[in-house]
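Inspection log for the structure reproduced underneath, given as structure tokens.
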Amino acid sequence: DGPARVELHTDSRYLANAFNQGWLENWQENGWKTASKKPVKNKDLWQKLLAAAEAHEVEWIWVEGHAGDPLNERVDDMVGQARAEFE
């Protein structure tokens, strides 16, 4: 079982840009500091996501949120249902 080809659709520009615009590489090279020299928030989560993504061929695709994309709307519904279970 080799690497999988994954299309990951996200409505987070921050997430898509971190991978597509080279932000993650820059953060790592700069000791996990942003371009403004501030610590990257949620470094531990970024590192876990990066490790998972490096094992596969991931294409990060930004989609506009709350704009009628059927799959994005479905995910929003699922998040709402999951959140309600914990309240």
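The values are calculated or read from the model by the stated rules, or taken from the named source; none is laboratory data. The structure displayed is predicted, hence computed values, not measured ones. Note that each Cβ is placed from the backbone with ideal geometry, even for glycine, and that neighbours are counted across all protein chains shown.
Within the range 59-75, track down each residue that is within 14 Å of residue 7 (Cα to Cα), surrounded by 15 or more Cβ atoms within 10 Å (Cβ to Cβ) and modelled with pLDDT under 95. Answer for the range 59-75, where residues must be within 14 Å of residue 7 (Cα to Cα), surrounded by 15 or more Cβ atoms within 10 Å (Cβ to Cβ) and modelled with pLDDT under 95: just 72. Set side by side, the residues 47, 28 differ, and just one is more than 26 Å from residue 76 (Cα to Cα) and assigned to a helix (DSSP H, G or I), which is 28. Of all residues in the range 31-44, those satisfying the criterion of being over 26 Å from residue 4 (Cα atoms) and either in contact with a helix residue (DSSP H, G or I) (Cβ under 9 Å, 6 or more places away or on another chain) or part of a strand (DSSP E or B) (or both) are 32, 33, 34, 35, 39, 40. Of all residues in the range 64-80, those being touching a residue at least 24 places away in the same chain (Cβ under 8 Å), assigned to a helix (DSSP H, G or I) and either more than 10 Å from residue 11 (Cα to Cα) or among the small types (Gly, Ala, Ser) (or both) number 1.
Which of the residues spanning the range 16-51 are under 24 Å from residue 66 (Cα atoms) and either of a type in the set (Ser, Thr, Tyr) or in contact with a strand residue (DSSP E or B) (Cβ under 7 Å, 6 or more places away or on another chain) (or both)? Scanning the range 16-51 gives 16, 19, 20. If you go through the range 1-24 and keep only what is more than 11 Å from the chain's Cα centre (by Cα) and surrounded by fewer than 14 Cβ atoms within 10 Å (Cβ to Cβ), you end up with 1, 2, 3, 4, 5, 6, 7, 21, 22.
Within the range 35-58, the residues that satisfy the criterion of being loosely packed, with under 12 Cβ neighbours inside 10 Å and of a type in the set (S, T, N, Q) are 36, 42.
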